[in-house]
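Just below is one structure, and these are the notes that go with it.
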Amino acid sequence: MKDAKEIAGQIDRERLPRHVAIIMDGNGRWAKARGLDRSAGHVEGVNTVRRITEAASETGISYLTLYTFSTENWNRPKEEVDALMALIVTAIERETPDLIKNNVRLTAIGDLGRMPAESLERLRRCMADTGRCTGLTLVLALSYSSRWEIVEACRRIAAEVRDGRMSVGDIDESLLSANLCTHDMPDPDLLIRTGGDMRVSNFLLYQIAYTELAVTPTYWPDYGKADFFSHIVEYQRRQRRFGMTGEQVEQAAT
């Protein structure tokens, strides 16, 4: 098997995806397969976040969005939710000095008001500490649901129409995009899902209309830099047509 450095050498730095999104799945199954508590999988998953953040930064990716905690995850057993929330914030605090060292800016999207007040305060402090970094933007989707996001955008637009600040005719794709959590970043070029499940799980549903998809059976704790680089290479082999024919794309490129 090729090592990460060898695979990274195959990447065309002139055709990188600007934005890579990842559904980090398989922590619990990884732990169960080893006779461990689910929390052990989450702990190991944090180490993978560090590896893949480093890989994305080294490659020159502009945005890396990680599906960290969905609104549906609030329905899990309270003990697991509490442990996971504490782990997320503690890990962020621990990694913040390295994020700053590597010029990585941290931000978050989602219904953050549902987070415990102390956890949210600690998260915002880490975001502020990395606010001046200009390299990779690491986006944590926390308490996030795409359906929630779209509903909230519709509510804001409806309020604008109600108050007479715009008309129904003003509503278009650009306006809706401007009211989403991701309004200040490009749509994902590549969405990776670990753990093998063939679904997008309420993640960036509007934004991934033309995103390239990649699914691997590898559980998130086992996902490494070589896997990430391989997915970038695979992405670069694809032709993105955006509704056009292959011939039209080739002609436009010449």
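The values are calculated or read from the model by the stated rules, or taken from the named source; none is laboratory data. Values in this document were obtained by computation on a predicted structure and should not be read as measured data. Counting neighbours? That spans all protein chains shown, and the Cβs are built from the backbone with ideal geometry, glycine included. Each accessible area value is taken on the protein alone, full model and side chains, heavy atoms only, with ligands, DNA and RNA left out. Shrake-Rupley method; radii C 1.70, N 1.55, O 1.52, S 1.80 Å.
When the criteria are applied in full, residue 56 fails the requirement of being of a type in the set (A, V, I, L, M, F, W, C) and at pLDDT below 95.
Each row is one residue, and each column tells you yes or no for (1) in contact (Cβ under 8 Å) with a residue 24 or more places away in the chain; (2) open to solvent by less than 70 Å² (accessible area, probe 1.4 Å); (3) more than 21 Å from residue 201 (Cβ to Cβ); (4) polar (S, T, N, Q).
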{"site": "99", "(1), (2), (3), (4)": "yes, yes, yes, no"}
{"site": "104", "(1), (2), (3), (4)": "yes, yes, yes, no"}
{"site": "121", "(1), (2), (3), (4)": "no, no, yes, no"}
{"site": "130", "(1), (2), (3), (4)": "yes, yes, yes, yes"}
{"site": "135", "(1), (2), (3), (4)": "yes, yes, yes, no"}
{"site": "139", "(1), (2), (3), (4)": "yes, yes, no, no"}
{"site": "142", "(1), (2), (3), (4)": "yes, yes, no, no"}
{"site": "146", "(1), (2), (3), (4)": "yes, yes, no, yes"}
{"site": "153", "(1), (2), (3), (4)": "yes, yes, no, no"}
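If you scan the range 94-108, which residues turn out to be out of contact with any strand residue (DSSP E or B) (no Cβ under 8 Å at 6 or more places or on another chain) and either under 22 Å from residue 186 (Cβ atoms) or part of a strand (DSSP E or B) (or both)? The answer is 102, 103.
For the range 161-176, the condition of being within 29 Å of residue 17 (Cβ to Cβ), in contact (Cβ under 8 Å) with a residue 12 or more places away in the chain, surrounded by fewer than 17 Cβ atoms within 10 Å (Cβ to Cβ) and within 17 Å of the chain's Cα centre (by Cα) holds for none of the residues. Set side by side, the residues 52, 22, 11, 61 differ, and just one is assigned to a loop (DSSP other than H, G, I, E, B) and within 17 Å of the chain's Cα centre (by Cα), which is 61. Write out, first by first residue and then by second, each pair whose Cβ atoms fall under 8 Å of each other, whose residues are 6+ apart or on separate chains, and whose first residue, in the range 28-44, is among the hydroxyl-bearing types (Ser, Thr, Tyr) while the second is assigned to a helix (DSSP H, G or I) and open to solvent by less than 70 Å² (accessible area, probe 1.4 Å). So the pair list comes out as 39/31; 39/80; 39/83; 39/84; 39/87. So, in the range 1-54, of the ones that are among the acidic types (Asp, Glu) and within 26 Å of residue 182 (Cα to Cα), which residue ends up most open to solvent (accessible area, probe 1.4 Å)? Restricting to residues being among the acidic types (Asp, Glu) and within 26 Å of residue 182 (Cα to Cα), the top hit is 14. Among the residues of the range 224-254, those identified as farther than 30 Å from residue 5 by Cβ and assigned to a loop (DSSP other than H, G, I, E, B) are 241, 242, 243, 244, 245, 254.
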